[in-house]
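Report on one structure; see the data block that follows.
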Amino acid sequence: MLKRVLIANRGEIALRVLRACRELGIETVAVYSQADAEALHVQLATQSVCIGPAKASESYLNQTALLTAALATGCDGIHPGYGFLSENADFADACAAAGLTFIGPSGDTIRKAGSKSAARDLMRAAGVPVTPGSDGPVSSVEEALAAAESVGYPVLLKASAGGGGRGIRRCDNAQILPAAYAEAKAEAKACFGDDEMYLEKLVLAPRHIEFQVLADRHGNVIHLGDRDCSVQRRNQKLIEEAPARCLTPALREEMGQAAVRAARAVNYEGAGTVEFLLDADGEHFYFMEMNTRIQVEHGVTEMITGVDLVRQQLRIASGLALDVTQADIHLEGHSIECRINAEDPTKNFQPCPGQVSFLHFPGGAGVRVDSCLYNGCTLSPYYDSMAAKLLVHAPTRLEAIRKMRRCLEEFTLEGFPTNAELSYQILYHPIFVRGGCTTAFLDEHLPELLDFSRRVEEHEEGV
Amino acid sequence: MEFEKVRDIIVETLGCDAEQVTPTASLADDLGADSLASVELVMALEEAAGVTIDDADVANLKTVGDIMDYLAAHKA
Amino acid sequence: MTNQEIYDLIACFERSSLQTLRLSRQDFSIELSRGGAAAAAPAAPAAMPAPAAAPAPREADGEAITAPLVGTFYAAPAPDQPPFVKVGDRVKKGQTVCLIEAMKMMSEVPAPCDCIIEAVLKDNGELAAFGEPLLRYKPC
């Protein structure tokens with residue numbers, strides 16, 4: 001087994017990894033920036049080392065500092081968590097070169113799965129359905145027009161090196177394609193220094209369904225069911241659920257096998273997520289991308305399968321075979337996660353971190369809270385604004401919704417505004433309750449949701 | 001699904017008394033179900049009966065009897 | 001941090017279930033750790049890897065030269081050579097007082113001003129955290 005793991009991350013995922021290590025008897029080395037000196041996981045780790053100033057590029061993204069700290073403290077493994085360097089192929093290679101086990105796939109696999117167009121070709125070859133589009137890049141307007149013709153409008157013009165919604169233009173007809181093509185190409189050049197473009201059919205009002213996979217070094221690959229992350233705003237997920245209510249058992253089986261084939265296609269190792277777009281007809285699904293890391297919302301899969309995914313990452317990285325087979329995986333009941341962010345939805349979700357003057361987390365049967373907050377701590381402004389994750393599990397989706405409502409009522413955080421109230425309103429919205437949310441839900445209903453919570457506040461003040 | 005099972009689901013989801021749940025009882029007037037509560041009741045019935053109730057049909061489920069007839073006509 | 005605050009800290013550490021508590025301020029750091037019998041001690045004694053008592057900060061208050069990056073502290077240019085500076089030495093602004101090695105790359109740490117070295121706080125080959133005091137000096 002791994003003996004001592006450096007946790008190259010911060011916040012709740014650092015604490016999550018530390019806990020899994022502790023339960024496996026693996027020692028932990030926490031690294032922190034000067035802004036995180038008082039962080040909870042820094043206090044709980046076997047040893048902790050300050051590696052840089054607050055700025056992420058000089059601390060959590062500083063590969064030399066991370067590798068130096070790991071080697072100097074006698075670590076044999078590095079866990080990258082999510083975000084930061086978790087999907088940085090060069091860092092994965094640098095760890096291997098320094099004789100450290102990068103807890104995740106190899107740099108090569110990350111590159112294969114990471115580049116959008118390379119991944120599409122691999123998936124097509126592995127029999128994983130991909131959104132119809134141009135085979136490889138479209139290097140001129142004429143090529144783009146031809147590809148759009150064969151695929152059928154509306155289409156998306158996308159940068160191969162794209163990500164986070166940059167270098168993408170929607171195109172509903174041939175007339176506007178030339179201008180859209182030029183714009184997207186320029187933006188791609190500016191953002192990624194690489195203006196290679198490709199073209200994809202635009203799936204309208206799709207569902208965002210992702211599958212959790214686990215793969216070890218002995219050829220075992222399994223999937224652990226699906227998650228529905230449709231409640232999101234500008235690609236930022238807000239509420240995630242497992243399993244996705246809109247999948248029939250047959251479709252779940254078919255998509256699950258496709259996810260396993262996708263993982264094999266890039267000889268995946270560790271815990272990963274295969275993201276699909278499910279067409280509004282609820283039958284056609286298309287590979288979208290693969291995330292080569294543990295995800296923020298991994299907890300909902302853990303709650304319905306009973307499998308500790310971070311523990312599995314540590315076992316796999318230690319060379320052990322999976323101790324669960326596909327037959328062992330059963331999706332029991334329903335799980336929901338609400339991400340609590342330090343942001344003010346009434347001020348266009350402006351992040352507003354600060355000090356926690358009072359904190360109370362909900363508890364009780366079927367409730368889990370993943371957070372690095374403690375009474376009196378300060379949420380620093382240098383990193384992302386996620387303060388906590390509330391998760392619930394119950395035999396049915398309706399009971400899970402009602403349990404989450406209770407948890408949000410009980411949840412108390414004084415010191416800075418959060419989106420807890422907004423999530424609370426969503427849990428009472430008929431479309432959400434009916435399970436009808438698509439990725440467009442939040443943007444379309446935000447005014448209505450915010451208006452409702454404002455009226456509730458006025459009512460409470462009036463009482 | 002037998003009547004007792006449907007009755008228990010209604011009691012649990014709407015928070016009403018078992019005695020009130022008779023075939024002729026109206027969900028809104030007698031059992032106090034507002035629009036959201038009836039959406040939740042439909043969800044609970046779907047999960048228990050393993051069927052999907054089309055949104056169009058939901059509007060026609062006014063009484064307990066309507067629910068019984070619908071479930072009898074739409075086996076899992 | 002006054003003595004009373006330290007006693008309070010120790011008291012509340014006792015009551016907590018924390019194994020170690022480490023608090024660092026600008027010029028002061030304290031580390032408390034729970035030694036002795038752990039609740040369900042596994043076969044091997046639950047030796048706490050963190051040092052039992054926090055190393056008392058070496059005396060001499062003066063300002064400190066801190067580590068500009070995390071790495072291994074070296075007092076001398078090479079193992080067989082004398083250290084760059086010793087306590088009492090007078091050094092010029094910019095003069096190298098020690099090295100920090102990170103992934104085989106040596107960085108020279110300069111004296112921030114003309115000064116006299118009052119204390120060397122790190123041992124040769126010891127890990128230095130970012131911002132950690134390495135040497136104390138008195139400007140002159």
Count of the stretch A:54-66 residues which are facing another protein chain (nearest Cβ under 9 Å), open to solvent by 30 Å² or more (accessible area, probe 1.4 Å) and outside any helix (DSSP H, G or I): 1
Cβ-Cβ under 6 Å pairs, at least 6 apart or on other chains, the stretch A:444-458 side farther than 17 Å from residue A:343 by Cβ, far side at pLDDT 85 or above and in a helix (DSSP H, G or I): A:452/A:425
Helices (runs of 4 or more DSSP H) wholly inside the stretch A:215-328 that include at least 2 residues being closer than 22 Å to residue A:201 by Cβ and either in contact with a Ser or Thr (Cβ under 9 Å, 6 or more places away or on another chain) or touching a residue at least 12 places away in the same chain (Cβ under 8 Å) (or both): A:249-265
Hits in the stretch A:201-220 - residues which are open to solvent by less than 50 Å² (accessible area, probe 1.4 Å) and either among the hydrophobic types (A, V, I, L, M, F, W, C) or modelled with pLDDT of 90 or more (or both): A:202, A:203, A:209, A:210, A:211, A:212, A:213, A:214, A:215, A:216, A:219
Some residue of the stretch A:11-29 being among the hydrophobic types (A, V, I, L, M, F, W, C), in a strand (DSSP E or B) and either touching a Ser or Thr at 6+ places or on another chain (Cβ under 9 Å) or open to solvent by 10 Å² or more (accessible area, probe 1.4 Å) (or both): yes
Of all residues making up the stretch C:71-87, the number that are open to solvent by 60 Å² or more (accessible area, probe 1.4 Å) and within 14 Å of chain A (Cβ to nearest Cβ): 1
Subset of the stretch A:30-41 (residues that are farther than 20 Å from residue A:314 by Cβ and crowded, with 22+ Cβ neighbours inside 10 Å): A:32, A:33, A:36, A:39
Among residues of the stretch A:67-88, those that are within 9 Å of chain C (Cβ to nearest Cβ) and crowded, with 22+ Cβ neighbours inside 10 Å, counted: 3
Residues (over 13 Å from residue C:68 (Cα atoms) and crowded, with 21+ Cβ neighbours inside 10 Å) located in the stretch C:98-119: C:115, C:117
Number of the condition not met by residue B:21 [criteria: (1) in contact with a Ser or Thr (Cβ under 8 Å, 6 or more places away or on another chain); (2) crowded, with 20+ Cβ neighbours inside 10 Å]: (1)
Positions within the stretch B:24-56 being assigned to a helix (DSSP H, G or I) and loosely packed, with under 14 Cβ neighbours inside 10 Å, in sequence order: B:35, B:36, B:55, B:56
Residues that are within 14 Å of chain B (Cβ to nearest Cβ), open to solvent by 30 Å² or more (accessible area, probe 1.4 Å) and either within 25 Å of residue B:57 (Cα to Cα) or part of a strand (DSSP E or B) (or both), drawn from the stretch A:407-459: A:428, A:430, A:431, A:434, A:436
Residues located in the stretch C:91-109, provided they are under 25 Å from residue A:32 (Cα atoms) and either among the charged types (D, E, K, R) or out of contact with any strand residue (DSSP E or B) (no Cβ under 6 Å at 6 or more places or on another chain) (or both): C:101, C:103, C:104, C:105, C:108
The stretch A:37-49 residues that are facing chain C (nearest Cβ under 8 Å), paired with ones that are among the β-branched types (Val, Ile, Thr) and not in a strand (DSSP E or B) (beta carbon under 8 Å, 6 or more apart): A:47/A:73; A:48/A:42; A:49/A:73; A:49/C:70
Per-region count, the stretch A:380-406, residues modelled with pLDDT under 95, farther than 18 Å from residue A:299 by Cβ and open to solvent by 20 Å² or more (accessible area, probe 1.4 Å): 4
In the stretch A:286-305, the residues that are hydroxyl-bearing (Ser, Thr, Tyr) and under 21 Å from residue A:9 (Cβ atoms): A:292, A:301
Hey, residue B:51 modelled with pLDDT under 90 and within 14 Å of another protein chain (Cβ to nearest Cβ) or not: yes
Matching residues, the stretch A:227-243, being in contact with a Lys or Arg (Cβ under 6 Å, 6 or more places away or on another chain) and not hydrophobic (A, V, I, L, M, F, W, C): A:230, A:240
Lone unmet requirement of (1) within 20 Å of residue C:71 (Cβ to Cβ); (2) without any contact (Cβ under 8 Å) to a residue 60 or more places away in the chain; (3) more than 10 Å from chain C (Cβ to nearest Cβ) for residue A:107: (1)
Sole residue being at pLDDT 50 or above and within 14 Å of another protein chain (Cβ to nearest Cβ), chosen from C:25, C:90: C:25
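The values are calculated or read from the model by the stated rules, or taken from the named source; none is laboratory data. Because the structure is a prediction, the values reported are computed rather than measured. Positions of Cβ are backbone-derived with ideal geometry, glycine not excepted, and every protein chain shown enters the neighbour counts. The protein model used for the area step is the full one, side chains on, heavy atoms only, and it has no ligands, DNA or RNA in it. Shrake-Rupley method; radii C 1.70, N 1.55, O 1.52, S 1.80 Å.
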